1. Would you mind stating whether ASP281 is under 28 Å from MET99 (Cβ atoms), of a type in the set (Asp, Glu), in the same structural domain as GLN217 (by TED's automatic domain parsing) and surrounded by fewer than 24 Cβ atoms within 10 Å (Cβ to Cβ)?
2. What are the residues in segment 411-433 that are in contact with a helix residue (DSSP H, G or I) (Cβ under 9 Å, 6 or more places away or on another chain) and either assigned by TED's automatic domain parsing to the domain that holds GLY256 or assigned to a loop (DSSP other than H, G, I, E, B) (or both), if any?
3. Working only within segment 317-362, note down all residues that are among the hydroxyl-bearing types (Ser, Thr, Tyr) and buried (at least 16 other Cβ atoms within 10 Å of the Cβ).
4. Within segment 306-316, count every residue that is in contact (Cβ under 8 Å) with a residue 12 or more places away in the chain and either among the charged types (D, E, K, R) or surrounded by fewer than 19 Cβ atoms within 10 Å (Cβ to Cβ) (or both).
5. In segment 63-85, what residues are in contact with a Lys or Arg (Cβ under 9 Å, 6 or more places away or on another chain) and either among the hydrophobic types (A, V, I, L, M, F, W, C) or assigned to a helix (DSSP H, G or I) (or both)?
6. Does THR394 fit the bill of being in contact with a Pro (Cβ under 8 Å, 6 or more places away or on another chain), surrounded by 17 or more Cβ atoms within 10 Å (Cβ to Cβ) and either β-branched (Val, Ile, Thr) or assigned by TED's automatic domain parsing to the domain that holds ALA231 (or both)?
7. Can you tell me which of (1) of a type in the set (Ser, Thr, Tyr); (2) within 18 Å of GLY134 (Cβ to Cβ); (3) in contact with a Ser or Thr (Cβ under 7 Å, 6 or more places away or on another chain) is the one SER330 doesn't meet?
8. Would you please name the residue that is surrounded by the most Cβ atoms within 10 Å (Cβ to Cβ), looking only at residues in segment 87-103 that are in contact with a Ser or Thr (Cβ under 9 Å, 6 or more places away or on another chain) and part of a helix (DSSP H, G or I)?
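The values are calculated or read from the model by the stated rules, or taken from the named source; none is laboratory data. It should be emphasised that the depicted structure is a prediction, and the values quoted were computed from it without experimental measurement. Cβ sites come from the backbone with ideal geometry, for glycine too, and all protein chains shown count toward neighbours.
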Amino acid sequence: MKKLLAATADRAARYVTAIGDRRVAPLPDDTARLEALGGPLPSGPCDPEEVLALLDDIGSPATVATTGGRYFGFVIGGTLPAALAANWLAGAWDQNAAMQVMSPVAAKFEEIVLAWTVDLLGLPSTSGAGFVTGTTMANFSALAAARTAILKRSGWNVEEDGLFEAPPIRVVVGEEVHISLLKALSMLGLGRSRVITVPADGQGRMRADALPELNEQTVVCIQAGNVNTGAFDPAKEICSRARDAGAWVHVDGAFGLWGAVSPLYAPLLEGVNAADSWAIDCHKWLNVPYDSGIAVVRESEHLRNAMALSAAYLIPSKGREPWHYTPDASRRARGIELWAAMRSLGRSGLREMIERNCRQARLFADRLRAAGFAVLNDIVLNQVLVSFGSPEETRRVIAGIQSEGTCWCGGTQWHGHTAMRVSVSGWATTDEDVERSVAAIVKIAQAVKADQQSPK
């Protein structure tokens with residue numbers, strides 16, 4: 001075992017140290033070689049070192065270098081050194097984070113990380129939380145708590161009686177609601193198409209002046225960080241309206257909530273702490289390994305009522321039992337990596353990373369605009385939308401940069417425009433990475449433009 005783990009560390013170190021020198025997307029030949037990992041299952045055992053060699057020799061070249069400094073395709077952070085090391089050690093510990101008695105250390109890390117998170121983001125100190133796989137399950141868990149609380153007001157126990165003949169719940173979303181929230185609503189039986197959709201402004205922010213009448217049977221879902229533009233819904237006004245009406249406000253804050261750690265971006269989140277629940281992604285801007293998210297609910301009893309379960313052989317301990325706050329029971333101890341990331345960065349390090357990525361997003365926008373291309377959004381956080389001319393030209397530039405390998409950016413449709421979407425959210429991204437990426441993008445875009453203009 002010791003020899004195998006040492007070999008694993010050597011191979012992993014080679015991968016990590018070389019990440020800055022390799023192309024971001026794998027070559028087609030590298031992905032084609034993955035077929036060699038399949039075929040019939042061997043009839044007998046294989047040497048673990050042989051298995052490791054196959055993983056590295058065939059698997060590593062076929063990975064996307066998301067943990068490097070030039071991946072800008074989605075809001076995907078890399079893995080901080082301390083978080084990666086903690087992930088390895090947590091794998092060796094192999095803890096089941098369901099109950100305190102199964103892993104006192106996992107339970108304690110969750111308590112510590114919860115306290116640090118609500119402090120960093122300015123959320124109520126009395127909040128309860130579940131440590132889940134990501135924003136989809138964080139939205140699901142928080143909205144389950146909302147469903148439980150709202151129906152309880154009408155004397156309905158949804159956990160016992162289900163939704164058959166239950167009092168109706170009204171759900172209000174913005175025009176640019178994220179698909180993960182709609183998926184959560186569908187899994188909760190609240191429906192994706194039954195929502196009341198509020199128009200958005202030119203940057204994708206929900207228009208507070210267009211809110212429908214709210215009441216105690218209403219959940220209003222707002223965004224802290226539009227996935228295309230980075231814009232924030234006006235939380236202060238919406239939360240005030242909702243509180244007066246007795247409505248529940250849920251915040252999909254996957255990456256945008258981390259802006260609260262910076263005095264430069266905290267004003268964008270004014271009023272967010274007046275909401276009733278929040279969904280937070282940690283494998284995005286906190287840069288911890290997959291899969292990691294947090295569902296936070298102002299009154300922890302609502303989350304517990306929605307998620308808790310019991311059995312004769314599962315005797316709860318005193319204090320917080322982790323599995324009473326999550327949809328799943330047995331799960332990995334992801335709080336260990338969260339603790340390591342936060343402890344290694346500290347408050348100032350996290351602030352520096354957030355502010356650096358936002359500054360680098362502005363650098364992207366400035367350079368691309370100076371090269372003659374249209375930046376479509378106000379750069380308020382870490383998201384940049386750029387058009388290279390016609391939809392066809394923009395699609396060709398996106399395909400070209402993905403194939404060329406210097407960096408990786410994705411495409412989107414936004415307000416009638418075909419655009420390249422640049423998301424800057426990695427701890428490893430340097431200004432040099434940005435400049436190198438911009439140079440590659442501009443070169444490809446100019447070649448596409450010249451080809452479009454040449455006689456056919």
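1. For ASP281, the condition - under 28 Å from MET99 (Cβ atoms), of a type in the set (Asp, Glu), in the same structural domain as GLN217 (by TED's automatic domain parsing) and surrounded by fewer than 24 Cβ atoms within 10 Å (Cβ to Cβ) - is not met.
2. Correct list: VAL424, SER425, GLY426, TRP427, ALA428, THR429, THR430.
3. Let us first name the residues in segment 317-362 that are among the hydroxyl-bearing types (Ser, Thr, Tyr), namely 317, 325-326, 330, 344, 348.
TYR325, THR326, listed by residue number.
4. 5
5. ALA65, PHE72, PHE74, VAL75, ILE76, ALA82 - these are the residues of segment 63-85 that are in contact with a Lys or Arg (Cβ under 9 Å, 6 or more places away or on another chain) and either among the hydrophobic types (A, V, I, L, M, F, W, C) or assigned to a helix (DSSP H, G or I) (or both).
6. Answer is no for this residue.
7. Result: SER330 fails condition (3) only.
8. Restricting attention to segment 87-103, the residues satisfying the condition of being in contact with a Ser or Thr (Cβ under 9 Å, 6 or more places away or on another chain) are 87-88, 93, 95-102.
This time we only want the ones that are part of a helix (DSSP H, G or I), so: 87-88, 93.
Details: ASN87: 20, TRP88: 15, TRP93: 13.
Once the filter is applied, the top-ranked residue is ASN87.
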